[in-house]
Amino acid sequence: MATHEEIFKTLKEKFGDRIVEERLDAIDPFIVFHPSIVQDLAFFCRDEEKLRFDLLSLVSTVDYLPQAASADGKTPAVAGRIEVVYILDSTVHKHRLIAKACLDRERPHLKTVENVWRAADWHEREAFDLMGVVFEGHHNLVRILCAEDWEGHPLRKDYVIPDTYHGIKNVIY
Amino acid sequence: MAAPENLNPDPLTKNILFMNSVDYLINLTRANSVWPLTFGLACCAIEMMATGAAKYDIDRFGSGPFRATPRQADLMIVAGTVTHKMAPRVKRLYDQMPEPKYVIAMGGCVIRGGPYVKYGYHVLKGVDLIVPVDVYIPGCPPRPEALLEGLFKVQKLMEKERILDRTRKLTKPEVYSPV
């Protein structure tokens, strides 16, 4: 069972400056990586002896709207982005890694990790359905929870609930 | 069921001999054999199962056989949240039921969207937007006794029907109120 420092050190040695940030003092320590290395990172995490992350627990997304810093300086400015969060577990070494990638809100494209862990199949479909993140290389990226002809991505912060759906009233007045 | 004498104010059949009793008997037998369609979608399905189980036994009122196919059912108890993805399927199953058919809307979600009414973007705000409902049972979820009361309301609706005028089904909804 490796500690978080050891896991992060192993990743940093392999990927260098593509690991944009590491946070060890959070409740769940995480790394932030550049979206271009997602496939290499996935194969490395799954196959490397010291890591052996063979279980993908979660692929989820977080939406941050751009926000200016508050006037009194207490709240820092928030950069607008969509974060994709991967939670990887190792059944062999019993440790966990949380890895995030920050994507542009206008064009959130990322390579799929479906060929690394099959669990990513439905998780990525859900991320596409609810947040609009497009996973390139996915074999069947269609909506999984909402209706097939639903418009919009509901879990975005700037989503507006439509008034009707196929003529059926969707809001109460 | 009311006694036959004061049952039939209907001008169509009032003066035909024995029509009153015939209607009464037919409606009595129909009302005590309302076979529901299993339509548990969410949490209200648990209460519907509890009503079918031993303690609150819906079988003693004749509604024990829950048919899995709409072709053999005459009551659709919509129990649970209906989403927009499920709504066309609900409508299709309702259309597949043969007349005379009845619909009970069980639970808050099916009446007007329930707890999802304000922010639920994918929840159908009430199943009466797609199928005509006969009885509404409020609750989240309604107790098994409330579901049984809703079934009795459907039975009372049946008792007002006349076989000589079968197309005239009373579809004015009844809201259960304990007072």
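Out of the range B:150-175, which residues are over 11 Å from the mean Cα position of the chain (by Cα), at pLDDT 55 or above and not in a loop (DSSP other than H, G, I, E, B)?
Of everything in the range B:150-175, those that are over 11 Å from the mean Cα position of the chain (by Cα), at pLDDT 55 or above and not in a loop (DSSP other than H, G, I, E, B) turn out to be B:GLU159, B:ILE163, B:LEU164, B:ASP165.
Count, please, the residues in the range A:1-29 that happen to be surrounded by 12 or more Cβ atoms within 10 Å (Cβ to Cβ) and under 22 Å from A:HIS109 (Cβ atoms).
Selection size over the range A:1-29: 4.
Could you pull out the residue among A:ASP63, A:ASP158 that is more than 30 Å from A:THR10 (Cβ to Cβ), more than 14 Å from chain B (Cβ to nearest Cβ), in contact (Cβ under 8 Å) with a residue 12 or more places away in the chain and not aliphatic (A, V, I, L, M)?
Within the list A:ASP63, A:ASP158, the selection yields A:ASP63.
Hey, can you tell me all the residues within the range A:98-125 that are farther than 11 Å from A:VAL84 by Cα, in contact (Cβ under 8 Å) with a residue 40 or more places away in the chain and charged (D, E, K, R)?
Selection gives A:ARG105, A:LYS111.
Quick check on my filter: what residues within the range B:82-132 are more than 14 Å from chain A (Cβ to nearest Cβ), in a loop (DSSP other than H, G, I, E, B) and not acidic (Asp, Glu)?
B:MET97, B:PRO98, B:PRO100, B:LYS101, B:GLY107, B:PRO132
Inside the range A:30-40, can you point out the residues that are surrounded by 14 or more Cβ atoms within 10 Å (Cβ to Cβ) and farther than 13 Å from A:ILE98 by Cβ?
Passing the criteria: A:HIS34, A:PRO35, A:ILE37, A:VAL38, A:GLN39, A:ASP40.
Any chance you could count how many residues in the range A:128-149 are under 12 Å from B:LYS85 (Cβ atoms) and either touching a helix residue (DSSP H, G or I) at 6+ places or on another chain (Cβ under 7 Å) or more than 11 Å from every other protein chain (Cβ to nearest Cβ) (or both)?
Adding up the residues that qualify gives 4.
Please count how many residues of the range B:102-148 are surrounded by 23 or more Cβ atoms within 10 Å (Cβ to Cβ), closer than 13 Å to A:ASN170 by Cβ and in contact with a Phe, Trp or Tyr (Cβ under 7 Å, 6 or more places away or on another chain).
Within the range B:102-148, residues that are surrounded by 23 or more Cβ atoms within 10 Å (Cβ to Cβ), closer than 13 Å to A:ASN170 by Cβ and in contact with a Phe, Trp or Tyr (Cβ under 7 Å, 6 or more places away or on another chain) number 0.
What residue, of B:ASP95, B:ASP74, is at pLDDT below 95 and over 30 Å from A:ASP149 (Cα atoms)?
Result: B:ASP74 is the single residue among B:ASP95, B:ASP74 that is at pLDDT below 95 and over 30 Å from A:ASP149 (Cα atoms).
Can you tell which of A:GLY152, A:GLY167 is within 14 Å of another protein chain (Cβ to nearest Cβ), modelled with pLDDT under 95 and over 22 Å from B:CYS109 (Cβ atoms)?
Only one candidate qualifies: A:GLY152.
Please name all residue pairs, on different chains or six or more residues apart, with Cβ atoms under 7 Å, provided the first residue is in the range A:139-150 and is farther than 25 Å from A:TRP117 by Cα and the second residue is of a type in the set (D, E, K, R) and modelled with pLDDT of 90 or more.
Final answer for the pair search is A:ALA147/B:LYS85; A:TRP150/A:ARG143.
The values are calculated or read from the model by the stated rules, or taken from the named source; none is laboratory data. Note that the structure is a prediction, hence the values are computed from the model and not measured. We place every Cβ from the backbone using ideal geometry, glycine too, and count neighbours over all the protein chains shown.
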